[in-house]
Amino acid sequence: MGIDISKYKNVILLDHPLIKHKITQLRKVETSTHKFRPIVQELSVIEGYEALRNVETIDVEVQTPIEKTIQPEVRINDLCFVPILRAGLGMADGLLELIPGAACGHIGLYRDEVTHEPVEYYCKLPADIGEKQVYLLDPMLATGGSACGAVQILKNHGAKRIAFICIIAAPEGVKAFCEANPDIPLYIGALDRCLNDKAYICPGLGDCGDRIFGTVGKK
Ligand code: PRP
Ligand code: URA
C-alpha cells in the first residue's frame with residue numbers, strides 16, 4: 001500500500017541519518033535483546049529531542065556566579081509520557097532520560113492475534129492529565145488500532161494535548177491514525193512498505209515487544 005504522507009499535515013517523518021542507521025540495526029534479525037533494547041532507548045532520545053522541539057518554556061530568575069538573570073526553563077510539570085505496554089516501555093526509558101522529572105502514565109494494550117483489534121488490560125494515568133502535554137509512545141504503528149485505542153483512552157481521561165511518537169509505521173497505520181486524529185502530531189522514524197497477512201509491518205523488525213524483552217519463542 002503506497003501512501004502520500006504529505007497530505008497528512010500532522011505527520012512528521014524524522015529524516016536523520018542517525019535515526020535511519022539505528023533503525024537498520026533494529027531490523028537485523030541477528031540483533032539480540034542485549035543490543036536491541038538500548039538502541040530503542042537511543043532512538044527514543046533522538047526522536048524525543050525532535051518531538052519536544054516546541055515544548056513550552058517559562059522564564060525563571062537564576063543567580064549565576066556572576067549575576068542574576070532571567071532564563072528559560074522547560075515546564076517539566078506540564079509533561080507526561082505514556083508508553084503503550086509492553087513495547088512502549090522501551091521508549092519511555094529514553095524519554096525519561098531526557099526529562100527525568102516528567103510524569104509517566106501507562107496504558108496496557110495487546111493485539112488480539114485473530115482480529116488484530118487492541119484489547120485493554122491496564123491503565124494508570126496522572127489525575128491532572130487534562131492539564132498536561134501528553135506524549136504517547138509505541139515503537140510500532142501497524143494497523144493503527146492500538147494507537148487509536150490509546151488516544152481514545154487518553155481522551156476519555158481528559159487529555160487534550162496529545163502527540164504520538166513511534167519508530168516504524170506502516171502506511172495503513174498512518175492512514176488510520178491520521179483520519180481518526182488529524183490534529184494529533186504523529187512523529188515517525190521510518191515509513192515502511194505495507195502490512196503482511198498477520199498485520200506485521202514489512203520489512204519491519206518483527207515483534208518489537210518480544211525483541212525488547214527477550215520473549216521470542218517463549219510462552
Ligand atoms: C505491538 C506494538 C503496538 C501494536 C501495534 O504490541 O507494540 O502496541 O502491536 O499494532 P497495531 O498498530 O496493529 O495495533 P502487541 O499488541 O504485540 O503487544 P506487546 O507490546 O505486549 O507485545
Ligand atoms: N507489532 C509489532 O511488534 N510488530 C509489527 O510488525 C506489528 C505490530
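Every number here is computed from the coordinates shown, using simple stated rules; none is lab data. Remember, it's a predicted structure, so these values are computed and weren't measured experimentally. Cβ: placed from backbone, ideal geometry, glycine included. Neighbour counts: every protein chain shown.
Assorted remarks:
- Single residue of P139, P126 found to be away from ligand 1 (no atom under 13 Å from the Cβ) and in contact (Cβ under 8 Å) with a residue 40 or more places away in the chain: P126
- Taking (1) in contact with a helix residue (DSSP H, G or I) (Cβ under 6 Å, 6 or more places away or on another chain); (2) within 16 Å of ligand 2 (Cβ to nearest atom) in turn, L98 satisfies each apart from (2).
- Qualifying positions in the stretch 128-153 - crowded, with 20+ Cβ neighbours inside 10 Å, assigned to a helix (DSSP H, G or I) and small (G, A, S): G145, S146, A147, A150
- Sole exception among (1) over 21 Å from E42 (Cα atoms); (2) within 14 Å of ligand 2 (Cβ to nearest atom); (3) outside any helix (DSSP H, G or I) for F177, by number: (3)
- Taking the criterion of being touching an Asp or Glu at 6+ places or on another chain (Cβ under 6 Å) and either crowded, with 16+ Cβ neighbours inside 10 Å or not in a loop (DSSP other than H, G, I, E, B) (or both), no residue of the stretch 205-219 qualifies.
Condition check ((1) buried (at least 21 other Cβ atoms within 10 Å of the Cβ); (2) within 16 Å of ligand 2 (Cβ to nearest atom)) across all residues:
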residue	(1), (2)
E50	no, no
I58	no, no
I66	no, no
F81	yes, no
G90	yes, yes
C123	no, no
P126	no, no
